[in-house]
1. Classify chain A as rounded, prolate or oblate, taking a ≥ b ≥ c as the square roots of the eigenvalues of its Cα gyration tensor: rounded when a/c is under 1.5, otherwise prolate if a/b is larger than b/c and oblate if not.
2. Where the convex hull is taken over the Cα atoms of the stretch B:21-83, what is its projected area averaged over directions, in nm²?
3. Quick one: if you stick a label point 7 Å off each Cα along the C-beta vector at residue B:64 and residue A:84, how many nm between them?
4. Could you tally the net charge around residue B:29, taking each other residue with its Cβ under 13 Å from the Cβ of residue B:29, Lys/Arg +1 and Asp/Glu -1?
5. How do B:41, B:3, B:87, B:61 line up, fewest other C-beta atoms within 10 Å first?
6. Could you put B:104, B:70, A:87, A:46 in order, starting from the residue whose Cβ has the fewest other Cβ atoms within 10 Å?
7. Taking Rh as the Kirkwood radius computed over C-alpha pairs, what is the Stokes-Einstein D of the protein assembly as shown at 10 °C in a medium of viscosity 1.306 mPa s, expressed in µm² per second?
8. Residues of A:29-42, mean number of Cβ from any other protein chain within 10 Å of their own Cβ, rounded to a whole number?
Amino acid sequence: MEINMENFFLSMAFLVGIILLIPFYRVYRGPTLFDRLLGVAAVGSKTITIVLLFGLIYDRLDMFIDISLGYAILNFVGVIAMTKYFKKSASDY
Amino acid sequence: MEHLILIQEIVAIVLMFGGVFFMLVGSIGINRLPDFYCRAHAAGKVDTLGIMMFLGGMVVHEGFTMTSAKLLLIIAFVAVTSPVASHALARRAILSGLKIWQRKEPLK
């Protein structure tokens, strides 16, 4: 019995790509600014997995792993910088 | 030996499906829950578990190589930073005076 892993990774990439679109609704609608930031952080954390899946599909995971690590660090630093930046009261947003 | 490889792939597939399931649950929670703090709860815990399971499936698929060691490094990084980021967001929200949601009528 043989499992075709390449097709499996491709379908997983489609699935994660569809799941990645769901938090964009919260980014669009969110009543406060923090909701939008939370949605952006969720999208960014799913981007890590989709970049790694591209690495598995292209069979060059060792290169794509560094890219995804960079994405993870940028996502984290971006959220922390935003929380430092927005210091006004919540009713202003 | 062939059976071992088959078991490895099956474990990887199960872990990846679990990760996709938890990512889907976290995304729906971000949309469905009533206020920001509940949404931070969904994004901070369920999403992190989903990503960790997904990358764990990739580690099982890769086997014992340098690449899987780097993947374990990414898992550790995500496990630390994703809850910290949503905690920082929730802390900033509560410091800037965002109201906590309360049920309109009490439970019967």
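1. Details: a/c = 5.83, a/b = 2.03, b/c = 2.87.
Oblate shape, in that a/c is at least 1.5 and b/c is the bigger or equal ratio.
2. Working: hull surface 16.3 nm².
Here the figure is 4.1 nm², rounded to one decimal.
3. Spacing of the two 7 Å Cα→Cβ label points: 4.3 nm.
4. Working: positive: A:26, B:32, B:39, B:45; negative: A:35, B:35, B:47.
That sum, taken over residues with Cβ under 13 Å, equals +1.
5. Working: B:41 16, B:3 8, B:87 13, B:61 21.
By the 10 Å Cβ count, ascending: B:3, B:87, B:41, B:61.
6. On the way: B:104 5, B:70 18, A:87 9, A:46 23.
By the 10 Å Cβ count, ascending: B:104, A:87, B:70, A:46.
7. Working: Rh = 17.7 Å.
Value of D from the Cα-based Kirkwood radius: 90 µm²/s.
8. Mean shielding by partner chains, rounded to a whole number: 6.
Read the figures in this text as sums done on the coordinates, not as results from a lab. None of the values given here were measured: they were computed from a predicted structure. Glycine gets a Cβ as well: all are built from the backbone with ideal geometry, and neighbour counts include every protein chain shown.
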